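Read the structure below first, then the notes.
No lab work stands behind these numbers, since they all come straight from the coordinates. Quick caveat, the model's predicted, so the values are computed rather than measured. Cβ atoms come from the backbone with ideal geometry, glycine included; neighbour counts cover every protein chain shown.
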Amino acid sequence: RSKALSDEENAKLFGKCNNAHGHGHNYRAPFCFFLQIDPVSGMVLNLTDLKEYMQEAIMEPLDHKNLDKDVPYFAEVVSTTENVAVFIWENLKKLLPMGTLYKVKVYETDQNVVVYKGEETISE
């Protein structure tokens with residue numbers, strides 16, 4: 001729901017996803033990096049570090065949360081899949097080495113997927 005729209009406008013725009021009390025999704029969000037393999041470690045990124053980044057950037061703020069009520073970012077931003085992708089991108093970008101995050105892909109369903117590459121959003 002958008003606070004900027006009337007009940008009728010929200011119903012028309014968001015259809016079955018329009019619910020004053022919210023509704024849930026089990027999002028999946030793979031992401032891609034532009035990294036070179038370190039010749040010493042043989043890795044592009046230490047998986048222990050990556051797990052910590054994912055925990056801080058995605059799981060802590062979003063997992064088992066009502067996005068509209070529990071996540072401050074979504075108090076003023078409509079919690080569409082597109083905006084969830086932007087939120088994840090912005091949080092990961094703060095933690096990863098500069099310039100390494102290539103894209104975030106968020107699956108709301110198997111048929112509803114958003115790909116976000118910084119300022120570029122692509123619906124698949």
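Residue separation times 0.36 nm, minus the C-alpha to C-alpha distance between T109 and N26: what's the value?
Working: separation 83, 0.36 × 83 = 29.88 nm, distance 0.80 nm.
Difference between extended and current length: 29.1 nm.
Here the Karplus curve 6.51 cos²θ - 1.76 cosθ + 1.60, taken at θ = phi - 60°, turns the phi angles of segment 106-115 into couplings of 10, 9, 7, 9, 5, 9, 10, 10, 10, 10 Hz, with x standing for Gly and Pro.
Compare the peptides 71-77, 112-118 by average per-residue count of other Cβ atoms within 10 angstrom and give them in order, highest first. Spell out each step's value before the answer.
On the way: 71-77: 13.6, 112-118: 17.0.
Listed from highest to lowest mean packing, they are 112-118, 71-77.
Between the labelled values (i) 7.0; (ii) 7.4; (iii) 8.5, the entry that holds mean projected area of the Cα convex hull in nm² as derived from this structure is (iii). Stretching the chain fully between V44 and E90 yields a gain of 14.5 nm (0.36 nm per residue, less the alpha carbon separation).
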